[in-house]
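Asker: This is the structure I want to talk about, given as structure tokens.
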Amino acid sequence: MSFDWGKEFQIGRDVFSLHILGRIKTEGLIAILPPNPNDEAINITLAESAPHNRGENPIYKGVGPHLFAIASFISFLNGFEGYVMFEAKTKLIQHYKDTLGAYQIGSSSHSTWLDPPPVFLVTLREIRRTIKVIKK
């Protein structure tokens with residue numbers, strides 16, 4: 001993985017990992033701020049697919065949307081109706097709009113808002129199927 005995930009734990013973030021059922025190998029990680037009842041959504045601070053799931057020939061496709069579905073599920077559990085927020089890198093804003101149905105909030109910010117239906121309802125179906133990420 002490219003990011004320092006140990007640091008995420010050290011600064012108090014909740015980190016979730018995605019695995020294929022019955023396997024130890026991590027397919028992706030996502031970190032969120034601990035839920036705060038004063039917030040309106042779950043705030044994603046970092047998400048990353050494993051190196052073997054990126055690029056032109058990933059072993060598994062769909063890891064990223066599954067990670068966002070985990071955050072959306074946590075959002076539902078905490079009364080935020082599935083809403084999540086995250087700050088996107090400039091070059092990824094359009095990617096998140098296209099693949100997740102996310103939309104940018106604020107004119108000069110990279111903050112991005114994700115309503116639950118575009119990602120959650122689609123990927124929750126996959127989660128219910130024991131997170132069988134499509135093997136290429």
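Asker: In terms of modelled amide H atoms, which long-range or inter-chain residues lie less than 5 Å from the amide H of Glu27?
Answerer: Leu18, His19, Ile20
Asker: Using 1/(1 + (r/R0)^6) with R0 = 35 angstrom and r between the beta carbons of Ile20 and Thr45, what's the FRET efficiency to the nearest 0.05? If you can, show how the numbers build up before the last one.
Answerer: Working: r = 25 Å, r/R0 = 0.70.
Once rounded, the FRET efficiency stands at 0.90.
Asker: Just to be sure I understand the model, the point goes 7 Å from the Cα along the line to the Cβ. What's the resulting Thr90 to Phe9 distance in nm?
Answerer: Modelled inter-label distance: 3.5 nm.
Asker: What's the extension gain from Lys97 to Asn36 if we count 0.36 nm per residue and subtract their Cα-Cα distance? Before the final figure, lay out the partial values.
Answerer: On the way: separation 61, 0.36 × 61 = 21.96 nm, distance 2.58 nm.
Full extension from Lys97 to Asn36 adds 19.4 nm.
FYI, it's all coordinate maths here, none of it is from the lab. All figures in this text were calculated on a predicted structure; none of them were measured in a lab. Backbone-built Cβ (ideal geometry, glycine too); neighbour counts: all protein chains shown.
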